[in-house]
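Structure record follows, encoded as structure tokens.
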Amino acid sequence: MNWRVYILAITAFAVGLVELIVGGILPNIAEDLHVSLSSAGQLITVFAFVYAISAPILLSATAKIERKQLFLIALAIFALSNFMMFMSTTFVIVMIARIISAMSTALVIVLSLTITAKIVTPQYRAKALGLIFVGVSSALVIGVPLGIFITESFGWRSVFLGISILALLSMVLNARFLEKMPVVEVVPLKTQIKSLANVKVLSAQLTTLLMLAGHYMLYAYLTAFLVEAFDMSAAWISACYLVFGVASVSGNGFGGWLSDKLGTGKAILIVVTSFVLVLLVIPYTTMSLPLFLIVTVLWGALSWALTPPLQSYLIQIAPETSDIQQSLNTAALQIGISIGSAVGGMVYAYTASAIHLSSFGAIFALGALGCAVISLKKPATIRQQVNG
């Protein structure tokens, strides 16, 4: 396998840190910038929404730019946006920096996958792409706990200075070792949107969107929940995020195993149904920290367990547009994060409590279950039946 893939995986890790790390240090940002916690939570909402819409638009807009050059430009802008976060003095500047960061992150991640697929031989392609996702998922496991530790030691702005430095180092490595990539044809936006006209496909994509919305109702405000429920110190909060992150990455493997064992349809239903139940149970675990940690492991694993069976399902039901569907599924995931964190912020502002945010999140998750049932029961078209 081409060793340059490891450089791209490191780049994906550095860039992947920026989205989720804010959740762990949200109270620190809110206090320092003199805004409410729910207002600070919109940093997650806006990032996810901009990320979702940026990738297809920017790829279409930059279709004629050589891929390595575009990759380096996106990394430079990403580094600059995080340095802007480090230097920020007002919430408005922070929000602008997050928007720029989201746009550049979307482009870097998509280009990392695109370039990886081009520089390896077909027999190593799946493994190479898997390494890029390992980079992103490792950011989930390491990023939030590390961000909390750095914030407690040096302040929240130092987190983004560190990410900016990592991005610059990645930029130097890619500039030195990455070969030039020829421009390839990009699927037009109209074609991508048109593929959602199929109800079976659309409801499958909505399953991801609504499940992530339900998840982020609480996850975006997990630090506030832990402080309110258990009066946790920063060290314990960091440990909880680490437990959640490890469980989330493990959930990917569990989802793939379940899909192979029972089939994609049954796996999707089991994961989403279990996720609804876990969200409903979470508020009643606050009387016991060990019980909460057990439920947190289940919550973390299930939050990522949907991805493998749903991605496989999309390939099965829409093989002729499978590449487009993978891209749209990533967009659905980000829009779900945006909606969940936004609604969670509104509920938190109204109730002044994070304890029952997961109960409201279960409503979204029930919607995801309904969409999954609709998609699975909807008959496939003749072309899908032939390909399936």
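What follows is calculated from the coordinates using simple rules that are stated; it is not laboratory data. Predicted model only: the values in this text are computed from it and were never measured. Positions of Cβ are backbone-derived with ideal geometry, glycine not excepted, and every protein chain shown enters the neighbour counts.
Highest mean packing first, where packing is the average number of other Cβ atoms within 10 Å per residue, the peptides 26-33, 286-293 line up as 26-33, 286-293.
Taken as Cα centroids, region 1-60 and region 229-267 sit 20 Å apart, rounded to the nearest whole angstrom.
Pairs exceeding a 21 Å alpha-carbon distance, out of LYS118/LYS190; LYS200/LYS266; LYS190/LYS377; LYS64/LYS190; LYS68/LYS194; LYS118/LYS180: LYS118/LYS190; LYS190/LYS377; LYS68/LYS194. Shape of region 300-383 from the C-alpha gyration tensor: prolate (a/c of 1.5 or more and a/b above b/c, with a ≥ b ≥ c the square roots of its eigenvalues).
Residue order for ASP260, ASP231, fewest other beta carbons within 10 angstrom first, comes to ASP231, ASP260. Figure legend: label point modelled 7 angstrom from the Cα of LEU129 along Cα→Cβ; residues of region 195-219 with amide N under 18 Å from it are 205. Among TYR219, TYR124, TYR348, the largest mean-square fluctuation in a Gaussian network model of the chain, built with springs joining Cα atoms closer than 10 Å, belongs to TYR124. With the charge dipole of region 187-388 set up from +1 on Lys and Arg Cβ and -1 on Asp and Glu Cβ about the Cα centre, the Cα lying farthest toward the positive end among the listed residues LEU291, ILE339, THR208 is that of THR208.
Relative to the globular-protein estimate of 2.2 N^0.38 Å, the Cα radius of gyration of region 1-186 stands at 1.03. Residue exposure proxy: CYS240, CYS371, ordered by other Cβ atoms within 10 angstrom of their Cβ from fewest to most, comes out as CYS371, CYS240.
Among the DSSP helices (H) of the chain, those spanning at least 18 angstrom by Cα along their long axis with an average Kyte-Doolittle hydropathy of 1.0 or more are 4-24, 37-61, 67-87, 91-119, 125-154, 156-177, 199-219, 264-281, 289-305, 357-377; this is a geometric and hydropathy rule only. Taking GLY256, GLY345, GLY245 in turn, the Gaussian network model of the chain (Cα-Cα springs below 10 Å) assigns the largest fluctuation to GLY256. For the residues LEU17, LEU178, LEU369, a GNM of the chain with alpha-carbon springs under 10 Å puts the largest fluctuation on LEU178. In terms of the mean number of neighbouring beta-carbon atoms within 10 Å, the peptides 88-97, 353-362 order highest first as 353-362, 88-97. With N counted as the residues of region 68-112, its alpha-carbon radius of gyration over 2.2 N^0.38 Å works out to 1.16. Scaled against 2.2 N^0.38 Å for its residue count N, the alpha carbon radius of gyration of the chain is 0.95.
Estimated from helices alone, the mean residue ellipticity of the chain at 222 nm is -28500 deg cm²/dmol (sum of -39500 (n - 2.57) over DSSP H runs with n ≥ 4, per residue). The modelled label-to-label distance between PHE149 and VAL92, using points 7 Å beyond Cα along the C-beta direction, is 3.8 nm. Here the simple spin-label model places points 7 Å from the Cα toward Cβ, and for ILE53 and LEU269 these points are separated by 3.7 nm.
Taking Cβ atoms as reference points and 13 Å as the exclusive limit, the residues near VAL199 contribute a net charge of +3, counting Lys and Arg as +1 and Asp and Glu as -1. Simple point charges give the picture: +1 on the Cβ of Lys and Arg, -1 on the Cβ of Asp and Glu, and for the chain a dipole about the Cα centre of about 1240 debye. In this Cβ point-charge picture (+1 for Lys and Arg, -1 for Asp and Glu), region 1-186 has a dipole of about 700 debye about its Cα centre.
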